[in-house]
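Bear in mind that the values in this text are calculations on the coordinates, not laboratory data. Since the structure is predicted, the reported quantities are computational estimates derived from the model, not experimental observations. Reconstructed Cβ throughout: ideal geometry from the backbone, glycine too, with neighbour counts over all protein chains shown.
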Amino acid sequence: MIGPVQAKRSRRLALAGAIITAMWIAACGADYYEIPIETPIQPKLDVSPFQRVLVAGFVAGGTEDVDANQETVRLLRSQLRTKSSLRVIDADILPLIDIAQDQTRVTSGGRDEPREAATGGPNGDGQGQEHPPGPTLLLPQKIKEEKDLEPYERLFANTAYWKKIGEEYQNPLIVTGTVLFTPHSRSGFVQRDTEVYDSFGRRRVVPVRTYMERKGFILRPKFVFIDGRTGATIYSESYREEILYNAQQNTPALSSYFELMDRLVPNFLSALSSQKIKGTRVLLK
Amino acid sequence: MNIRLAIPLVVIAVGIASPSFADARTEAKAQVAFGINVAQRGLWREAIYRWERAVEIDPTYAAAYNDLAIAYEHEGQLDKARRAYEKALELDPNNTQVRQNYELFKEINDRTGSSKEKP
């Protein structure tokens, strides 16, 4: 008689224990919760003094398959139209290579005082172009690599020229800079995931190192932000992005250009306007 | 119900509900849970208040610092977020979820300079 009673009691105790455990787990719930967040990023530049932005043009070089000056101006203007509060000025794209060449010809042409007519004209207030000190570097007509761009840097330091441009467009924020878009190839070992099936027909993905010849492009833009009221550079930033494809793959240069610019545009925009970056995080109890 | 079964049940129930049982961690946990609840409804300021209370009550509670960091991040208070993540990791260095949150935060926070060329 005692045996069945004890068994009944122990079953009840076990049941009660299970109920308490279940209640405890329910009360505690999960220990972590995935939650979407939006991180606001403040702009790097205070653009409040400006109502308008002029994407003037770029000193561009590299492959001849893409007009990097024209494409960059068009892309940045369209992005700024939709993603910034500044009004975008539609103006002819400045041929900055020609302008810089002209400025250099004038300064190295036996005159100490630079001529301004060809590059924007004098201000009429006796203020000449301000060229940085140092020897005059020859400007290469064709820009093939990074060192070809270096002599053009002095163009961005020419405050009188940019001030003149600013006056023409009612003192906007001026966006200019350099863009180098060059073909690139690389060979070496690459790790790729490959599907394999074992003797039972089960699929597995294993990393395999293979030697590959790849080709693609490197995009190196430098964005220079100039205060149109003073002609002075207020901010600049340089980037480098590259993309590589199988040697057999024939991707048009323009597609690669846009793919690489797509990666950089958020960074460019974050200089001018606040951005919200979506993501998820894990809250813990 | 058998009295032998009822007694331990009552003891456990009273124990859970009793304020005397609620130490700092329990109180902080309640604040954290409430914060999670309101954050899921988009009330991030209220969540910040709750999680700030939680770390005040129990300054050794890593999860509260983690949650606070996420809320600061959402509100754009990135310096505060970084400090809170670092505190959470200091308290619980092996917590992979806190570390993952922090890595994602750093990626976004440093984003503007992510592909920037070093001078």
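Data overview
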quantity	calculated
Pairs beyond 29 Å (Cα-Cα), from A:83/B:106; A:164/A:222; A:278/B:80; A:144/A:276; A:144/A:278; A:163/B:106	A:144/A:276; A:144/A:278; A:163/B:106
Distance between modelled label sites at residue A:168 and residue A:150, nm, 7 Å Cα→Cβ extension	3.0 nm
Between the range A:171-216 and the range B:54-114, the Cα center-to-center distance that results, in Å	33 Å
Sites residue A:208 and residue A:185, calculated FRET efficiency, Cβ-Cβ separation with R0 25 Å, nearest 0.05	0.70
Residues with amide H under 5 Å from that of residue A:66, placed H, sequence gap 5 or more	none
Shielding by partners, peptide A:37-43 (average Cβ within 10 angstrom, other chains)	6
Computed E for residue A:31/residue A:242 - FRET, C-beta separation, R0 45 angstrom, nearest 0.05	0.60
Under-5 Å amide H pairs with residue A:234, H placed in peptide plane, nonlocal only	A:225, A:226, A:227
From phi via Karplus (6.51, -1.76, 1.60), per-residue ³J(HN,Hα) for the range A:148-164 in Hz, x at Gly/Pro	5, 7, 3, x, 7, 4, 5, 4, 6, 8, 7, 5, 5, 5, 6, 5, 4
Partner chain coverage, peptide A:273-283 - average Cβ within 10 angstrom	6
Order of A:258, A:225 - criterion: other Cβ atoms within 10 Å of each residue's Cβ, fewest first	A:258, A:225
